[in-house]
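The values are calculated or read from the model by the stated rules, or taken from the named source; none is laboratory data. Source: prediction; values computed, not measured. Every residue, glycine among them, receives a Cβ derived from its backbone with ideal geometry; neighbour counts consider all protein chains shown. These accessible areas exclude ligands, DNA and RNA; they are computed on the full protein's heavy atoms, side chains included. Shrake-Rupley method; radii C 1.70, N 1.55, O 1.52, S 1.80 Å.
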Amino acid sequence: KEMREYLLDTYEKVDHLKAVRNSILLTSNNLVEWLQSEVVHSPDSVSAVGKKIPAAKDSKERYVNSNFHLYASYCAYCEDTGSKPVGQKRFISLLLDCCRNQLEIKDIKTFSKNGKPFIKGLAVRASDQKYMKVSTILPER
């Protein structure tokens with residue numbers, strides 16, 4: 001029985017392999033890297049996906065609402081780290097796939113209100129002081 005568990009849940013049973021898998025996810029996927037750095041898993045939170053709208057020149061933000069909207073936050077992060085962001089429509093489907101399938105966060109949902117997309121279960125860390133000490137999406141060791 002124990003051997004079967006090791007074969008079926010290798011990453012869960014062997015900490016080193018889980019750490020290697022997480023490292024590969026972080027270095028090969030700018031969406032995972034952004035989630036790790038700028039986002040928290042918060043099952044009851046609802047965040048607007050938003051758009052990539054340049055902020056006023058005197059603003060501290062690169063894009064309007066990048067401290068609150070997921071897509072604006074992602075785009076600013078990509079530019080800050082020298083990677084290229086995906087388009088907004090692709091962002092939503094990749095984000096859902098990444099959270100549900102690669103990171104195994106099953107309670108992430110999307111919905112639209114007045115034609116605008118929202119995500120339930122994620123929040124931009126900078127959007128509220130209460131998120132500043134929430135742990136990262138992937139465990140840090």
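Side notes on the structure shown:
- Here the label points at VAL46 and GLU140, each 7 Å from Cα along the C-beta direction, are separated by 3.1 nm in the simple model.
- Note on PHE111: accessible area approximately 80 square angstrom, rounded to 10, probe 1.4 Å, nucleic acids and ligands left out.
- Separation of the ASP128 and SER93 label points, Cα + 7 Å toward Cβ, nm: 3.1
- FRET efficiency, 1/(1 + (r/R0)^6) with R0 35 Å, evaluated for SER28 and SER59 via beta carbons: 0.65
- For region 100-108, Karplus couplings with θ = phi - 60° (6.51, -1.76, 1.60), whole Hz, Gly/Pro x: 6, 9, 7, 9, 6, 9, 7, 8, 8
- Here the Karplus curve 6.51 cos²θ - 1.76 cosθ + 1.60, taken at θ = phi - 60°, turns the phi angles of region 111-120 into couplings of 7, 10, 9, 6, x, 9, x, 10, 10, 9 Hz, with x standing for Gly and Pro.
- Summed over the residues of region 102-141 and divided among them, the accessible surface reaches 69 Å² per residue at a probe radius of 1.4 Å.
- Region 36-141, relative contact order [Cα under 8 Å, separation at least 6], %: 40
- Surface composition of region 59-141: carbon and sulfur atoms hold 50% of the protein heavy-atom accessible area at a 1.4 Å probe.
- Estimated at the nearest 10 Å², the accessible area of TYR63 is 20 Å² with a 1.4 Å probe.
- When the surface is traced with a 1.4 Å probe over the full set of protein chains, THR27 keeps roughly 120 Å² accessible.
- Cα-based equivalent ellipsoid, region 36-141: semi-axes from gyration tensor eigenvalues, Å: 20, 17, 14
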